[in-house]
Amino acid sequence: MDYKPIGGVPLAMPLNVLERNINKSVTLTLKDGRTLEGKLTGFDEYMNMILEDTEETKEDQVRRVGTVVLRGNNIVTIVPK
Amino acid sequence: MDYKPIGGVPLAMPLNVLERNINKSVTLTLKDGRTLEGKLTGFDEYMNMILEDTEETKEDQVRRVGTVVLRGNNIVTIVPK
Amino acid sequence: MDYKPIGGVPLAMPLNVLERNINKSVTLTLKDGRTLEGKLTGFDEYMNMILEDTEETKEDQVRRVGTVVLRGNNIVTIVPK
Amino acid sequence: MDYKPIGGVPLAMPLNVLERNINKSVTLTLKDGRTLEGKLTGFDEYMNMILEDTEETKEDQVRRVGTVVLRGNNIVTIVPK
Amino acid sequence: MDYKPIGGVPLAMPLNVLERNINKSVTLTLKDGRTLEGKLTGFDEYMNMILEDTEETKEDQVRRVGTVVLRGNNIVTIVPK
Amino acid sequence: MDYKPIGGVPLAMPLNVLERNINKSVTLTLKDGRTLEGKLTGFDEYMNMILEDTEETKEDQVRRVGTVVLRGNNIVTIVPK
Amino acid sequence: MDYKPIGGVPLAMPLNVLERNINKSVTLTLKDGRTLEGKLTGFDEYMNMILEDTEETKEDQVRRVGTVVLRGNNIVTIVPK
């Protein structure tokens, strides 16, 4: 049930923006307030994601967590660096 | 399972309004209270969205965040500028 | 998977009530406590909606917000004026 | 994917109970704590509903709100009068 | 997409347990903390339910509410008496 | 839409683990903080479950509740004894 | 409805990362704040998971819980050790 554009304006797809950022650094904001910054190495259609070399920030405390697999429904925003 | 209008009144589709605002400035209110203002460059049928040149406001603090991909289920309202 | 009435009583459909209020003023109550009053110009089967000339009320503060696209899952009640 | 009864006991369907109460007074309790009492004039398979001549009670404050369309996922209980 | 048992152990189905309790007294615990005790007269595949002669308990206050239709997604546990 | 393993490592299925614990004691943690310990006698593909001879613990208070049917979406973890 | 990559960059799948960690130690963060560390022995397409030899940490209190079956929608992040 894809959205069928009715106009002639080119329309970017959110998942394609994710794909263009594969192997690049992104910052994710989660629903629980944590932010995760790492290299995006994969994702699927539910916006489940894989980050490598990840740094987690939680109430100003930073820690390295390496590889992280995230459930998409916990992600609020994805910001490419 | 689209809604089939029963009357003769023209009925706008919310996703078409989004499409008419492609490459224009919109303000999004998120469930976590943040507002994001930026240029809407894309979206999909789940209302996942892409903003460019985004400014985030969180408890009166404003910061520039550039490109943002948003999961649709965190978005409450979209206000075209 | 529409509901198939078993009796002979006429049964109104919620989306048809929305359609009858196209281009009329409605008041929406959102899950986050805000109310939005504006002219309903469109909606879809998920109850995503479009309001024009909208006035937002949030903790007794009123502001004009013009056109608003709303995600249906944030809407609690729709009251035609 | 309807439930197929395995026994011989007659089993009422919740939506049929709603239909039997069409044009009768019902009291709805919502997730946000409000109660709405009004005449049920319609509903659909998602339990979206239409009430007419509705009276809203919110923290002991009562106000008349006329016609109300409700999103089903905000409804907790429906009590026929 | 039913679960296909791989072993030989008989496996009861939760909805069948509900059916065996038709016309019997059950106690429901809701997400909002209320408990409802009444005679279960029906349910559907979403665990929407119908109780008759229902008694509602909310913070130690008990009141009779008669017939209640419940949306399944507000129900936590069902305890047959 | 089952997951299709790409490697050669044997992969257990969560529902099969539940099936192996049929008629055995399990402890469930619910989203509302309650724990329920009882004999698992059934479940379905939504992880709706049936416990027999159940003991409920809520803020250090224990009470016997007998048979319990649980909606799967309230369950966080299942721990076989 | 898998995501169809439009570029030539290899794209890892989150569930494949889980599969590569079968029989290895992972740390799960849950929505309720608990963390669970154990050997991942299985999962399904909903990210329901099975951990063995699990250690639960809840507000700095650690306890051994053995085998745990988890509902996927309670999981926020999965960190392979």
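The values are calculated or read from the model by the stated rules, or taken from the named source; none is laboratory data. Source: prediction; values computed, not measured. All Cβ positions, glycine included, derive from the backbone under ideal geometry; neighbour counts span all protein chains shown. Ligands, DNA and RNA are excluded from the accessible area calculation, which covers all protein heavy atoms including side chains. Shrake-Rupley method; radii C 1.70, N 1.55, O 1.52, S 1.80 Å.
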Fill in: Number of the exception - A:M49 against (1) more than 8 Å from chain B (Cβ to nearest Cβ); (2) at pLDDT below 95
(2)
Worksheet item: When you look at C:E56, is it among the acidic types (D, E), within 15 Å of the chain's Cα centre (by Cα) and modelled with pLDDT under 95, yes or no?
Response: no
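Could you count how many residues in the range D:66-81 are assigned to a strand (DSSP E or B) and either open to solvent by 10 Å² or more (accessible area, probe 1.4 Å) or in contact with a Cys (Cβ under 7 Å, 6 or more places away or on another chain) (or both)?
If we filter the range D:66-81 for residues that are assigned to a strand (DSSP E or B), which is where we start, we get D:66-70, D:75-80.
Subset that is either open to solvent by 10 Å² or more (accessible area, probe 1.4 Å) or in contact with a Cys (Cβ under 7 Å, 6 or more places away or on another chain) (or both): D:66-67, D:79-80.
Number of matching residues: 4.
Give B:K4, B:K39 a once-over and let me know the one that is basic (K, R), at pLDDT 95 or above and out of contact with any helix residue (DSSP H, G or I) (no Cβ under 6 Å at 6 or more places or on another chain).
On the way: B:K4 fails: at pLDDT 95 or above.
Matching residue, one of B:K4, B:K39: B:K39.
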Worksheet item: What number goes with the only condition from (1) free of Cβ contacts under 8 Å to residues at least 40 places away in the same chain; (2) within 13 Å of chain A (Cβ to nearest Cβ); (3) aliphatic (A, V, I, L, M) that B:L30 does not pass?
Response: (1)
Worksheet item: Condition test on A:I6, is it within 9 Å of another protein chain (Cβ to nearest Cβ) and in contact (Cβ under 8 Å) with a residue 60 or more places away in the chain?
Response: no
Discussion item. Quick test of your reading of the structure: D:E59 fulfils all but one of (1) in contact with an Asp or Glu (Cβ under 7 Å, 6 or more places away or on another chain); (2) farther than 21 Å from C:S25 by Cα; (3) charged (D, E, K, R). Name the failing condition by number.
Written reply: (1)
Discussion item. Return the pair list, or none, for Cβ contacts closer than 7 Å from residues in the range D:59-81 that are more than 9 Å from chain C (Cβ to nearest Cβ) to residues that are among the small types (G, A, S) and open to solvent by 20 Å² or more (accessible area, probe 1.4 Å), at least 6 apart or on different chains.
Written reply: D:V79/E:G66; D:K81/D:S25
